[in-house]
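Reading through the structure tokens given below for one structure.
The values are calculated or read from the model by the stated rules, or taken from the named source; none is laboratory data. Worth saying up front: this structure is predicted, and the values here are computed from it rather than measured. Positions of Cβ are generated from backbone atoms using ideal geometry, with glycine treated the same way; all protein chains shown enter the neighbour counts.
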Amino acid sequence: MIRHLLLVILLCHVCGPVLPVQAQSPLRGPASEQRPAAPNERIHQPADWLPQPIRAWGQKAMGRIILWQAQIRQQAGAYARQIQENPYGPALGWFLGLAFVYGVIHALGPGHGKVYAGTWFLTRPARVSHAFLMGGLMSLLHVLAAVVLVLLFYGLFKASGLGSVDTAGRHLQRISAGLISLVGLFMVWKAGRALLLGTSPDSSSSGLSGSSGSYGTDAAPGNRTGLLPLSLAVGLVPCPGAALILFFAITLDILWAGLLAMLFLAAGLAVTTISVALLALLTRNLLAQVTSRTSLVRSRFVHLPALAGGLLITLLGIILFVNPVV
Amino acid sequence: MPIRPTLTLFTAACLLMLLPAILLTSPAQAHPHVFIATAIEVDLDDDGIAGFWHYWSFDEYFSAWILEEFDVDRNGVLSSQEQQAIYTNTFEGLKQEGYFTRVLKGAENIPVQQIENFTVEVQDGSVVYSFFMPLAIRIGSETEDIFIAVYDESFYCHVFFPPDEIGRRGNVAGWKIDYAPQDLPELAYYFGFVIPTAIRLSISPA
């Protein structure tokens, strides 16, 4: 099963951009104009590109992930009710532990910044610490945005309900998309300039560095310019799953436990996001070790991946901006 | 020429990064935030299947949210006005999604266009939507296969369907029905990794 999960994480990264962020609730707001395709209008699915056995593994793993999420949430709900009766009993530990596990599994789905983290680390040199920074920051902000919205609307404005948070989330999503596009454009500009000017990889902040000329994480720290803005832009979108759990805690009058659970949930989300970032970093470093042995890829063309990554992030941001409810 | 395999690798890496962009034409979906348990009854008349009665039981997290927002008088019972507000704000928009329901007669798609008798109850802390989906499916003298699947392609909700049992009402004596779950891989969603399971009703005159 671990193999299945790793496979799904990887596939979600590769296929992820088709789902830049989580959709808005179909149970709220105006009717969507988009109708589901009729059976004879079947649209192409990325899984169709995979060999049947891998596709079957992915489908089986996805079924497990969905079921686990439902079971964890149900069990956590039971513990939350026990906390209501006995605030400092053993149920609290279980509740927080389940929040962490839920975060890990919940983030296996699309959204939560894995696509951006993966693209970033696949296309530029970076340190391992950068992966932790980006993954941790994105996850923390993703949950924090939900916490702030729920507290703001419920606590301050007394405007309870999914609608208020959903509407605010839509606006934040558009702002986030705009910022992501800007960060992407910045990446394109930097990589494009290095490509055109023929900047030496060893002297370029977006290229290779280190005396050995390898992309190794220790020898090539890279430049983290843009990392924080991208993390901020992606994390700006509130996590509906976190909002639901916090709101549930509020209705049980255990806000403090709900807020604690948010920390554990964010840590769980971060585990998955950081894992994807590290996987991308490892992949890039392995490729770089091979390619850096030739004179050609020591040239300006090493900036091509960074350019492609910047273009991709810009494109995702634009699509998300134009159609935030995709 | 050591440079050739290296160049190939390098090109492959670039293409790998561009692959997601190529896939961007697919519609976006999201992981489930809301879980829905279901029950269903087939309503039979003299001509065949009059429609289906659906019962959707939401998880307690979403239920808490619904109750907090729409149980205005906080009495744990939803009045007709409160139910109407729930319908308008959380359900009416699903018409464009066919109320998450796909019905097939053999290979023919039967459009789901309306529902009737929408009511909301609270059962053990869970909000339960009940409604009738009129379809008027005429059944001839031969055995016909009807498929019904309930799922959210946007993946915001995960619908647990089909239930273990399917209920019957109306002209039950007039028809012989066998049913079994059946996967419909041609309707796969969420990158093609989630396959809806339908109920296959094999129905013929008794």
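Okay, here's what the table says:
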| read-out | value |
| --- | --- |
| Residue in segment A:239-246 that is buried (at least 24 other Cβ atoms within 10 Å of the Cβ) and not in a helix (DSSP H, G or I) present | yes |
| Counted residues, segment A:236-259 - those being among the aromatic types (Phe, Trp, Tyr) and either within 14 Å of residue A:144 (Cβ to Cβ) or touching an Asp or Glu at 6+ places or on another chain (Cβ under 9 Å) (or both) | 2 |
| Among the candidates A:308, A:242, A:280, A:249, residue that is within 14 Å of chain B (Cβ to nearest Cβ), over 18 Å from the mean Cα position of the chain (by Cα) and at pLDDT 85 or above | A:249 |
| Checking residue A:62 against (1) touching a strand residue (DSSP E or B) at 6+ places or on another chain (Cβ under 8 Å); (2) without any contact (Cβ under 8 Å) to a residue 24 or more places away in the chain, the condition it does not meet | (2) |
| Odd one out for residue A:128, checked against (1) under 12 Å from the mean Cα position of the chain (by Cα); (2) under 15 Å from residue A:279 (Cα atoms); (3) modelled with pLDDT of 80 or more | (1) |
| From A:259, A:185, residue being modelled with pLDDT of 90 or more and more than 14 Å from chain B (Cβ to nearest Cβ) | A:259 |
| Enumerated helices (runs of 4 or more DSSP H) restricted to segment A:1-118, each holding at least 2 residues that are within 8 Å of chain B (Cβ to nearest Cβ), surrounded by fewer than 22 Cβ atoms within 10 Å (Cβ to Cβ) and at pLDDT 90 or above | A:52-85 |
| Some residue of segment B:93-107 being of a type in the set (A, V, I, L, M, F, W, C), free of Cβ contacts under 8 Å to residues at least 40 places away in the same chain and under 30 Å from residue B:174 (Cα atoms) | yes |
| Residue under evaluation residue B:195, criteria (1) touching a helix residue (DSSP H, G or I) at 6+ places or on another chain (Cβ under 6 Å); (2) more than 10 Å from chain A (Cβ to nearest Cβ); (3) β-branched (Val, Ile, Thr), criterion not met | (2) |
| Meets criteria (away from chain A (no Cβ under 14 Å), closer than 22 Å to residue A:26 by Cβ and either of a type in the set (Val, Ile, Thr) or assigned to a strand (DSSP E or B) (or both)) for residue B:201 | no |
| Segment B:135-163 residues that are more than 18 Å from residue B:112 (Cα to Cα) and touching a residue at least 24 places away in the same chain (Cβ under 8 Å), paired with ones that are of a type in the set (S, T, N, Q) and assigned to a loop (DSSP other than H, G, I, E, B) (beta carbon under 9 Å, 6 or more apart) | B:155/A:22; B:155/B:29; B:156/A:22; B:156/A:24; B:156/A:25; B:156/B:29; B:157/A:25 |
